[in-house]
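Trainee: Supplied in C-alpha cells, the structure appears directly below.
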Amino acid sequence: MAKDDTSGIWKSGRGKGRHMPKGRQLDDTALNEVRALIAPDRLARDLLIENLHILQDAYGHLSAAHLRALAEEMRISQAEVYEVASFYAHFDVVKEGETPPPALTIRVCHSLSCEMAGAAQLKAALESGLEADKVRVVRAPCMGRCDTAPVVELGHNHIDHATAKAVQEAIAAGDTHAHIPDYQGLADYRTDGGYVELQRLRENGDWEQVQEKILTSGLRGLGGAGFPSGTKWGFVRGNVGPRYLAVNGDEGEPGTFKDRYYLERTPHLMLEGMLIAAWAVEAERCYIYMRDEYPAVLEILRREIRALEAEAIVPKGYIELRRGAGAYICGEESAMIESIEGKRGLPRHRPPFVAEVGLFGRPTLVHNVETLHWVARVCREGPQVLNSVEKNGRKGLRSYSVSGRVKQPGVLLLPAGSTITDIIAAAGGMLEGHSFMAYQPGGPSSGLLPASMDDIPLDFDTLQPHGTFIGSAAVVILSDQDSARAAALNMLRFFEDESCGQCTPCRVGCEKAVKLMQADHWDMPLLEELCQAMADASICGLGQAAPNAIRLTMKHFKGEVE
C-alpha cells in the first residue's frame, strides 16, 4: 500500500509494477536460431568474437534480436556484446527497423599499391554497373595481396588483378568462396624431416641450448618490432605458469603479405616453430590469431591442426585458431590478446608487458608468423642458415614484400643489408615508362623516402637515423607518375580509419591530419605541432608512427606540399 499525500488516503499500488525487464526483450525465435548454430560448449566469454562470426556468416549480418539472444546464451550484458560487434569492420550490426546489407559484399582494396593500380576507378565502375540492393561495394583496407593489385574480395573469394568484367563474371558464376592453393601438407612435410626436431627436443632437449641457437642465429621479431626472439623466451619462462603462446598472424600493415605467402605454401614450418617455442616456455596452450582477410589461410590451418591432432603430435584442443574481424590495431600484441579474449582490440598500457601479464592474465610468449617459420628452420638447419649471410655489414635474410611500380612484385628473400636498388633489381626493375621516384621501406608507418636515398641497407636499426624504420619490410615502389602528397594522404586516411579511438592524440590527430593534408597548401608548422603531440602522447605504435608519413613528405617532397 502507498499513501496518497493529497487526500491522506492509502491506495493500492497493484498494477504499477514492471511486467518485464528494462531494455531490449528476448525473442524466442532468435534464441532458438542462436542455439541451433552455437553449441553449449562454445559459450565461454573469450569465444564471443568466434560466435559473432558464426552468426554473421549464417545470416549476412548481426540483427539486434540475435545479439540479444547471444548475450542471454553467453550470460554477458547486451552492451558488452554490442560494443565488441560494433568495433570490428567485418561485422554488420543491424538494429530494429534498419535494412540489412545485401547478401553479397564486394570489398575493393584501397591500400597504396591498389590505389596506384586504379582501385578508385574500379570501385566507381563496379558501383555504376551493379544493383545496389543486391550487391554492396565498399572501400576496404589492405588485403595482403599487394603483389596482384588491384584486388577485390567477392564474399571470401579474392580476385587478383581485378577488373569490373572479372568481378561481374565471378558474380554470375557464384564464385564467392575462398580458393585453397596447393601447399605442403603434413604427410609431405614429415617426409622431408618435419617434426623430427620437435620430437627430439620433447624427448631429451635442453631449452636453454635451443634458446642459445636462436640468439646465435640473430633472429629478431619479424612482425616489425625487431626484438631478439630468443630473449623473449627467457622473459616468459622466468614468470610463474601457467603460460601461453600466441601467434600474431594479423599482418595488416598495408604492403605486407609475407606471412600469407609462407602459410599458403609451407604452413607446417610455422606450426613446428610454434610448437618448439611452446615447448621452450612450457606453454599450456597455443593460440593462433589470423586475420579474417586470409580465408584460404584460415582453412589451411584448420585442416592442418586437425591433422596434427590425428597424428597425436598435439593433443586435441592444444592449438586454438582464432579469426580476426577486420581491425588493423589487433596487429599490436596487447590489442591482439584483448581480441583473443573476445574483447575490443584496445592496446593495453604497459608495463606490465605481455611476457608477464598476457592472455587471461598469464605470462604469454607472442611471436609473428615469419619469426616462427625461421625458428623451425634454425632448429633444423642450424644458426648458419641466417648468420652466415652478410651484406653491407648486416647479417641474416629478410623477406621483403615488394609491390608498386616494379615488373615482378612479390615476396623476395634477400640478404638483410639489401638496398632499395638491390630490391628493385630483384623485382625485375621498374615498369616500362616509369622512373624510380620514392619508396616506402616498411609500410605506411615508415613514410616515404626519395629515390636519392637508395644506398641505405634496409634492415633493423639502419633507418632510424633517417626518421623511419624497416618494420615488417613492406616495400612499395613509387615512380615519377605518382604523387608523394597523394601517397601520404592515402596513408593517413588508413590510420584515420583504423585508429581504435582509445586515446585522443591518435583518434583526433589522424582525423585532423587528413583535413589539413587535403588543403591546397599544407600548413607545415601546424602539421609538425600535430605530429609532435601524436608521437609523444599516443598509447601505441599506430599514433606514434602515423606522423612519419607527414614528416618525411614535408622533408623530402616539400615542393609538392608548399
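Trainee: Within region 306-322, restricting attention to residues that are more than 24 Å from the chain's Cα centre (by Cα) and in a loop (DSSP other than H, G, I, E, B), which residue is farthest from L198 (Cα to Cα)?
Mentor: Ranking the qualifying residues of region 306-322, first place goes to K316.
Trainee: Taking the conditions exactly as written (open to solvent by less than 50 Å² (accessible area, probe 1.4 Å), out of contact with any Cys (no Cβ under 7 Å at 6 or more places or on another chain), at pLDDT 95 or above and among the small types (G, A, S)), does A310 satisfy them or not?
Mentor: no
Trainee: Pick out, from region 511-562, the helices (runs of 4 or more DSSP H) lying fully within it that include 1 or more residues that are open to solvent by 10 Å² or more (accessible area, probe 1.4 Å) and either acidic (D, E) or at pLDDT below 95 (or both).
Mentor: 524-537, 541-545, 558-561
Trainee: Among (1) in contact with a Ser or Thr (Cβ under 6 Å, 6 or more places away or on another chain); (2) surrounded by fewer than 21 Cβ atoms within 10 Å (Cβ to Cβ); (3) in contact (Cβ under 8 Å) with a residue 40 or more places away in the chain, there is one condition R348 misses while meeting the rest; what is its number?
Mentor: Unmet for R348, out of (1) in contact with a Ser or Thr (Cβ under 6 Å, 6 or more places away or on another chain); (2) surrounded by fewer than 21 Cβ atoms within 10 Å (Cβ to Cβ); (3) in contact (Cβ under 8 Å) with a residue 40 or more places away in the chain: (3).
Trainee: Test V196 against the stated conditions and say whether it is open to solvent by 50 Å² or more (accessible area, probe 1.4 Å), modelled with pLDDT of 95 or more and among the aliphatic types (A, V, I, L, M).
Mentor: Taking the combined requirement at face value, the residue satisfies it.
Trainee: Something else: Out of E203, E169, E208, which single residue is free of Cβ contacts under 8 Å to residues at least 24 places away in the same chain, surrounded by 13 or more Cβ atoms within 10 Å (Cβ to Cβ) and of a type outside the set (S, T, Y)?
Mentor: That would be E208, the only listed residue that is free of Cβ contacts under 8 Å to residues at least 24 places away in the same chain, surrounded by 13 or more Cβ atoms within 10 Å (Cβ to Cβ) and of a type outside the set (S, T, Y).
Trainee: Please enumerate the residues belonging to region 130-156 that are over 18 Å from D175 (Cβ atoms) and either touching a Phe, Trp or Tyr at 6+ places or on another chain (Cβ under 8 Å) or surrounded by 22 or more Cβ atoms within 10 Å (Cβ to Cβ) (or both).
Mentor: The answer is A140, P141, C142, G144, C146, D147, A149.
Trainee: Also, I was wondering about something else. For G13, state whether it is modelled with pLDDT under 95 and not aliphatic (A, V, I, L, M).
Mentor: yes
Trainee: Let me ask another. Go through region 477-513 and give me each residue that's touching a helix residue (DSSP H, G or I) at 6+ places or on another chain (Cβ under 7 Å), within 20 Å of Q532 (Cα to Cα) and hydroxyl-bearing (S, T, Y).
Mentor: Residue satisfying the conditions is S499 alone.
Trainee: Moving on to the next point. Please specify each residue of region 262-299 satisfying the condition of being in contact with a strand residue (DSSP E or B) (Cβ under 9 Å, 6 or more places away or on another chain), open to solvent by 20 Å² or more (accessible area, probe 1.4 Å) and closer than 20 Å to R380 by Cβ.
Mentor: Matches in region 262-299: Y262 only.
Trainee: Now, a different point. Give me the residue from region 88-103 that is in contact with a helix residue (DSSP H, G or I) (Cβ under 9 Å, 6 or more places away or on another chain) and open to solvent by 30 Å² or more (accessible area, probe 1.4 Å) and, out of that set, farthest from P444 (Cα to Cα).
Mentor: E96
Trainee: Specify the residue that is least open to solvent (accessible area, probe 1.4 Å); the eligible residues are those in region 353-380 that are closer than 29 Å to I420 by Cα and of a type in the set (D, E, K, R).
Mentor: E370
Trainee: Could you list, in sequence order, all residues of region 330-345 that are out of contact with any Ser or Thr (no Cβ under 6 Å at 6 or more places or on another chain) and open to solvent by less than 20 Å² (accessible area, probe 1.4 Å)?
Mentor: Selection gives S334, A335, M336, I337, S339, I340, E341, G342.
Trainee: Does S499 satisfy the criteria of being of a type in the set (S, T, N, Q), at pLDDT below 95 and either within 26 Å of R350 (Cβ to Cβ) or within 26 Å of the chain's Cα centre (by Cα) (or both)?
Mentor: Spelling it out, it is not the case that S499 is of a type in the set (S, T, N, Q), at pLDDT below 95 and either within 26 Å of R350 (Cβ to Cβ) or within 26 Å of the chain's Cα centre (by Cα) (or both).
Trainee: Among (1) out of contact with any Gly (no Cβ under 7 Å at 6 or more places or on another chain); (2) under 26 Å from G238 (Cα atoms); (3) of a type in the set (A, V, I, L, M), where does V375 come up short?
Mentor: All conditions are met except number (1).
Trainee: When region 381-392 is examined, which residues are found to be free of Cβ contacts under 8 Å to residues at least 40 places away in the same chain and either of a type in the set (G, A, S) or surrounded by 16 or more Cβ atoms within 10 Å (Cβ to Cβ) (or both)?
Mentor: S388, V389, listed by residue number.
Trainee: Please specify each residue of region 354-378 satisfying the condition of being free of Cβ contacts under 8 Å to residues at least 12 places away in the same chain and outside any helix (DSSP H, G or I).
Mentor: Matches in region 354-378: V357 only.
Trainee: Applying the selection to region 526-542, what residues are of a type in the set (G, A, S) and under 18 Å from M554 (Cβ atoms)?
Mentor: Passing the criteria: A533, A535.
Trainee: Need pairs with beta-carbon distance below 8 Å; first residue touching a residue at least 24 places away in the same chain (Cβ under 8 Å) and of a type outside the set (S, T, N, Q) and within region 123-135, second surrounded by fewer than 18 Cβ atoms within 10 Å (Cβ to Cβ) and not in a helix (DSSP H, G or I); sequence gap 6+ or separate chains.
Mentor: A132/P102; D133/P102; K134/P102; K134/A103; K134/L104; V135/P102; V135/L104
Trainee: Find the helices (runs of 4 or more DSSP H) located wholly in region 228-286 whose residues include 2 or more that are within 30 Å of A89 (Cβ to Cβ), and list them.
Mentor: 258-263, 267-281
Trainee: Still on this model: Out of all the residues in region 29-75, which are aliphatic (A, V, I, L, M), open to solvent by 40 Å² or more (accessible area, probe 1.4 Å) and under 22 Å from M336 (Cβ atoms)?
Mentor: Listed by number, the residues that qualify are A44, I54.
The values are calculated or read from the model by the stated rules, or taken from the named source; none is laboratory data. Everything quoted here is computed from the prediction, not taken from an experiment. Cβ coordinates were reconstructed from backbone atoms using ideal geometry, including for glycine residues, and neighbour counts include every protein chain displayed. With ligands, DNA and RNA removed, areas are computed over all heavy atoms of the protein, side chains included. Shrake-Rupley method; radii C 1.70, N 1.55, O 1.52, S 1.80 Å.
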